1. In deg cm²/dmol, rounded to 500, what helix-only [θ] at 222 nm does the chain give when every DSSP H run of at least 4 residues adds -39500 (n - 2.57) and the total is split over its residues?
2. Taking the Cα centre of the stretch 1-127 as origin, sum charge times position over the Cβ atoms of Lys and Arg (+1) and Asp and Glu (-1), and report the length of that vector in debye to the nearest 20.
3. I'd like the per residue volume of the convex hull spanned by the Cα atoms of the stretch 21-154, given in cubic angstrom.
4. Indicate, rounded to the nearest 5 percent, the antiparallel portion of the DSSP beta bridges found entirely in the stretch 21-154.
5. Using the crude model of +1 on Lys and Arg Cβ and -1 on Asp and Glu Cβ, and no other charge, please compute the dipole size for the stretch 96-142 relative to its Cα centre, in debye to 20.
6. When ranked by the protection proxy of mean other Cβ atoms within 10 Å per residue, highest first, what sequence do the peptides 165-173, 37-45 form?
7. Starting with the highest mean, order 83-93, 184-194 by the number of other Cβ atoms within 10 Å, averaged over the residues of each peptide.
8. Please name whichever of S58, A170, V134 sits farthest to the positive end of the charge dipole of the chain, dipole taken about the Cα centre and charges placed at Cβ: Lys and Arg +1, Asp and Glu -1.
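A short reminder: the numbers here are calculations on the coordinates, not readings from a lab. Every value quoted in this text rests on a predicted model; they were computed, and no experiment measured them. Every residue, glycine among them, receives a Cβ derived from its backbone with ideal geometry; neighbour counts consider all protein chains shown.
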Amino acid sequence: MGKRIIQQARGKGSGTYRVRRKAFKYQLRYPSNLEGEANVLKLIHSAAHSAPLAKMKSGKEVFYIPAFKGMVEGQNITVSTTAKEVKDGDILRLKNIPVKTMVYNIESKPGDGGIFIKSAGSAGIVTKVVGNEVYVLMPSKKEKKFHPNSRAVVGEIAGSGRLDKPAMKAGKKYHIKKAKGKLWPRTSALKMNVVDHPFGSGRGKVPKSKIAKRNAPPGKRVGLIRPKRTGKR
């Protein structure tokens, strides 16, 4: 009897494919007040995030955001909707951030607490303002438009050297992946037996691309999933 392929096992929802809930004990968001100052209480490590987090306090409210490059404990940052001077760490609305400024932790819609650009060492660049839309050049090198009242943090996220040091041992890599609920190592489908995967077998190591139907079950949903076209143009 063959094994379940990865898509089937992931659909079952076992602990192998889930991040442990304990890792997500810090919820990233912005303060409810729109004007004032916030103080950096502590820089902390979170197993669920690639970047260090900053524990902030604004008035009586405590919240967490990804730390920016150069942040120190005890530092004060500005939370404002009408700030004229912009410095790293300020939490501002996109419409008040000058063009060519680096930003991160951008809200998808005003008030959702920050959705985009939250991994270590990443940042977007405000490129232009067209009517009621602000355009940001994302780390993927694609432009995305946002609501002008969406909030963001000025600067670049800390931890840019995270990938500079290689994982010298397989065990190190295993524990890194396990902390985030990632499957590792992942066996190539071509190396499997024919009963374990549609691509498996000793023959045909360079198989023709398979076209799976749109409504194919997880056991058959491999290869190209209903592509618009195939072959050379």
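1. -2000 deg cm²/dmol
2. Numbers: 22 positive and 9 negative charges, 202 e Å.
That gives a dipole near 980 debye.
3. Dividing the Cα hull volume of the stretch 21-154 by its residues yields 104 Å³.
4. Here the share of antiparallel DSSP bridges comes out near 95 percent.
5. For the stretch 96-142, the charge dipole is close to 200 debye.
6. Peptide ranking by packing, descending: 37-45, 165-173.
7. 83-93, 184-194
8. The listed residue farthest towards the positive side: A170.
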